[in-house]
Amino acid sequence: MPPCVTLDRLPQLTHLKPKTKRAKRFLEKREPKLSENIKNAMLIKGGNANLTVTQVLRDVYALKKPYGILYKKKNITRPFEDQTSLEFFSKKSDCSLFMFGSHNKKRPNNLVIGRMYDYHVLDMIELGIEKFVSLKDIKNSKCPEGTKPMLIFAGDDFDVTEDYRRLKSLFIDFFRGPTVSNIRLAGLEYVLHFTALNGKIYFRSYKLLLKKSGCKTPRIELEEMGPSLDLVVRRTHLASDDLYKLSMKMPKALKPKKKKNVSHDTFGTTYGRIHMQKQDLSKLQTRKMKGLKKRPAERKAEDEEDKSKRIKKN
């Protein structure tokens with residue numbers, strides 16, 4: 001039998017130093033950073049998932065590669081009732097995003113999409129699949145693995161309703177991929193289009209085709225690539241406003257320092273304000289011209305006026 005661990009020794013055990021270099025590298029990756037890592041997603045299959053839900057998870061995983069983990073075994077869990085298993089998998093695989101698929105009589109073809117904060121569920125929204133077309137069913141060329149997509153959102157609901165606003169934020173977090181400093185035109189290969197209309201969300205994926213147009217800017221055509229989903233919002237589990245603000249808090253080191261006397265207009269033009277002492281324009285050195293040169297008689301008259309003014313003051 002292993003020896004019992006007292007409560008007094010638990011803090012010491014949690015802060016043990018790594019014994020190997022591999023363990024040290026592993027802990028360094030998990031440490032909090034100023035600029036966070038790329039968000040990975042875990043795709044989990046429920047205990048009673050059918051073929052439709054399984055294929056949806058596979059297609060989403062194909063879009064997320066290599067920033068995703070697909071669990072092939074079935075996991076009997078209910079995210080809206082017990083979140084401990086999701087939090088365990090999140091900590092184990094270091095994933096801050098998840099998608100859970102299940103199927104039952106009450107909620108057929110069910111998807112739960114959510115995200116974590118400090119390995120605890122922050123936001124979670126349940127979606128029902130009404131129509132699905134797989135990647136395999138659309139016989140067109142696909143994009144290579146790891147391609148960063150362009151995201152387009154259409155519909156007033158994404159800006160008006162709080163549930164749809166959070167869902168839009170979730171979709172952006174889930175599919176945006178790594179942050180890049182520069183964009184290459186040839187690297188814009190596919191588009192994910194989300195449309196909110198009449199209480200439904202239409203998810204479409206298109207490949208971008210650059211055609212010759214006779215000028216520098218190419219002509220763009222869209223070709224449906226798949227997958228294609230018609231979704232309905234069912235249940236929601238949203239974080240409170242305070243917790244949501246805390247999760248979006250930016251470290252002080254990353255906050256841009258305010259520059260004094262610098263302003264920008266709506267077009268991005270920078271304006272600077274310079275503070276100077278009051279200048280005596282009479283002493284300002286200008287370009288000398290013979291035509292503006294004073295005659296000796298004018299100089300004598302000015303000197304006499306100055307002398308008279310000084311005498312009056314005294």
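Here are a few things to note about the model shown:
- Globularity index of the chain is 1.67 (Cα radius of gyration / 2.2 N^0.38 Å, N = number of residues).
- Inter-label distance for Arg107 and Glu31, nm, one decimal - labels placed 7 Å from Cα along Cα-to-Cβ: 4.0
- Ile152 paired with Lys139, simple spin-label distance in nm, labels 7 Å along Cα-to-beta-carbon: 2.6
- Highest-first arrangement of 159-168, 106-115, where packing means the average Cβ count within 10 Å: 106-115, 159-168
- The angle separating the long axis of helix 21-30 from the principal Cα axis of greatest extent in the chain is about 70 degrees.
- Cβ-based charge dipole, the chain, positive-most Cα from Leu63, Val191, Asn261: Asn261
- Region 37-245, accessible surface, carbon-and-sulfur percent (1.4 angstrom probe): 51
- Computed over protein heavy atoms with a 1.4 Å probe, the accessible surface of the chain works out to 75 Å² per residue.
- Cα→Cβ-extended label distance, 7 Å offset, between Thr161 and Tyr119, nm: 3.5
- In a reduced charge model with +1 at each Lys and Arg Cβ and -1 at each Asp and Glu Cβ, the chain shows a dipole moment near 2160 debye about its Cα centre.
- DSSP-defined antiparallel bridges as percent of all bridges, the chain, nearest 5: 75
The values are calculated or read from the model by the stated rules, or taken from the named source; none is laboratory data. Since the structure is predicted, the reported quantities are computational estimates derived from the model, not experimental observations. Backbone-built Cβ (ideal geometry, glycine too); neighbour counts: all protein chains shown. Just the protein is used for accessible areas: all its heavy atoms, side chains included, with ligands, DNA and RNA removed. Shrake-Rupley method; radii C 1.70, N 1.55, O 1.52, S 1.80 Å.
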